[in-house]
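These notes are about the structure you will find just below.
The values are calculated or read from the model by the stated rules, or taken from the named source; none is laboratory data. Keep in mind the model is a prediction, meaning the values are calculated, not measured. Counting neighbours? That spans all protein chains shown, and the Cβs are built from the backbone with ideal geometry, glycine included. We work out accessible area using only protein heavy atoms, side chains counted, and drop any ligands, DNA or RNA first. Shrake-Rupley method; radii C 1.70, N 1.55, O 1.52, S 1.80 Å.
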Amino acid sequence: MKKKYQNGFFLFGLAVLVIMVTQLDFKEVWQGVQHAGYWFLAVVALWAVLYVFNTAAWYVIIRSQEPPTADGKKLPAPFSFWWLYKITVSGFALNYATPGGLMGGEPYRIMELAPKIGTERASSSVILYVMTHIFSHLWFWLLSVILFVTTQPVTPFMATLLGLVALFCLVAIWFFLKGYKKGLALRLMNLLRHVPGTKKRVRKFIDEHREQLDTIDRQIAALHNQNPRTFFCAVVLELSCRFVSALEIMFCLLVLMPSMNYIQCVLILAFTSLFANMLFFMPLQLGGREGGFLMSVGGLGLTASAGIFVALIVRLRELIWTAIGLLLIRLKRSST
């Protein structure tokens, strides 16, 4: 990536991070950290592990697109796993800090990876990873609905709400499976043609880049159609990451309730993330995540103060890892 673009991503993310930090009540933050004690360090450290899951899923996707040599073997990757880990962390940091989420992290990933494997493969691998990341969220929410019904008392209101969530997940899963089989790049561009004020520009872009878009769509379809084992592996890695990340909430609540139930933590995470993703346009999902925690813990019979405490610790963890990700952008790039 050119130095000016790298600096642009870094400065933009840094500016948003500074704004987010200034919104904090530092007295409340310090009290929360003191109350959490060593569990706060466990929460921060947990995400170093979770990003390994994310990186592994993306790495599997990239390697599946590597054409085999004449003897049927694949050449070594032109980058190390830990170089890709750095790009993954930085990409998520930019997504956290960017309104609209994918407006920051995904272009950064493509621009960093393109010199290694080419723009088309970099673009298709990033699109595939984003699809897999969202696809795993849908399965996580759907499985959480089943988990709630089998472990928690269900009122008529909750039955209606859970039914709507399940219907949404099933329809979205169907849509993504269609996209995996036939590709999404060209279809998404055709959808953008219907947005007012973009028709001429999108049409021009499609005409100029149709061959590249077709290539990206073929590579997307290949993961599902020709590499089902790879597709399954990437989805399982991302889905496993969702369930392991529930430990973050458990670590927080163990400070308040030593007998905290892991299943309840999974349910809190599922419905909090669902609510927060409905407000994806907000930087760091500001307000949406906190509201989601309050509603989730309330629905499970926990106190509002517990929800506020968890939301505070999670917000601090996000800020710390956003700062780490931005600093990694500035590190000297290396493929070793």
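Extending each Cα 7 Å along its Cβ direction at Thr151 and Ala48, get the distance between those two points in nm, one decimal.
2.8
For region 208-271, which whole percent of the accessible surface, found with a 1.4 angstrom probe, sits on carbon and sulfur atoms? It would help to have the intermediate numbers written out before the result.
On the way: 1710 of 2910 Å².
Percent of accessible area from carbon and sulfur atoms in region 208-271: 59.
Could you give me the ³J(HN,Hα) list for region 258-264, computed from phi with Karplus coefficients 6.51, -1.76, 1.60 and θ = phi - 60°, whole Hz, x at Gly and Pro?
Each residue's phi maps through the Karplus curve to give x, 9, 4, 8, 5, 4, 4 Hz.
Could you pull out the pairs from Lys74/Lys204; Lys181/Lys204; Lys86/Lys181; Lys182/Lys204; Lys86/Lys200 whose alpha carbons sit more than 28 Å apart here? Each step should come with its number before you reach the end.
Details: Lys74/Lys204 37 Å; Lys181/Lys204 26 Å; Lys86/Lys181 30 Å; Lys182/Lys204 23 Å; Lys86/Lys200 38 Å.
From the list (Lys74/Lys204; Lys181/Lys204; Lys86/Lys181; Lys182/Lys204; Lys86/Lys200), the Cα-Cα distance tops 28 Å for Lys74/Lys204; Lys86/Lys181; Lys86/Lys200.
For a label point 7 Å from the Cα of Ile308 along Cα→C-beta, name the residues of region 241-263 whose backbone N is under 17 Å from it.
Of the residues in region 241-263, 253, 256-257 have backbone N under 17 Å from the label point off Ile308.
Tell me, what is the FRET efficiency for Lys200 and Ala114 to the nearest 0.05, using R0 = 25 angstrom and their Cβ-Cβ distance as r?
Plugging the Cβ-Cβ distance into 1/(1 + (r/R0)^6) gives 0.40.
FRET efficiency for Gln212 and Ala77, Cβ-Cβ distance as r, R0 = 35 Å, nearest 0.05?
Working: r = 22 Å, r/R0 = 0.64.
Efficiency for this residue pair is about 0.95.
If you take the square roots of the eigenvalues of the alpha-carbon gyration tensor of region 105-182 and sort them as a ≥ b ≥ c, do you get rounded (a/c under 1.5), prolate (a/b over b/c) or oblate?
Since a/c reaches 1.5 and a/b is larger than b/c, the shape of region 105-182 is classed as prolate.
Going by accessible area, probe 1.4 Å, with all protein chains left in place, what is the ranking of Arg218, Arg203, Arg109, largest first?
Arg218, Arg203, Arg109
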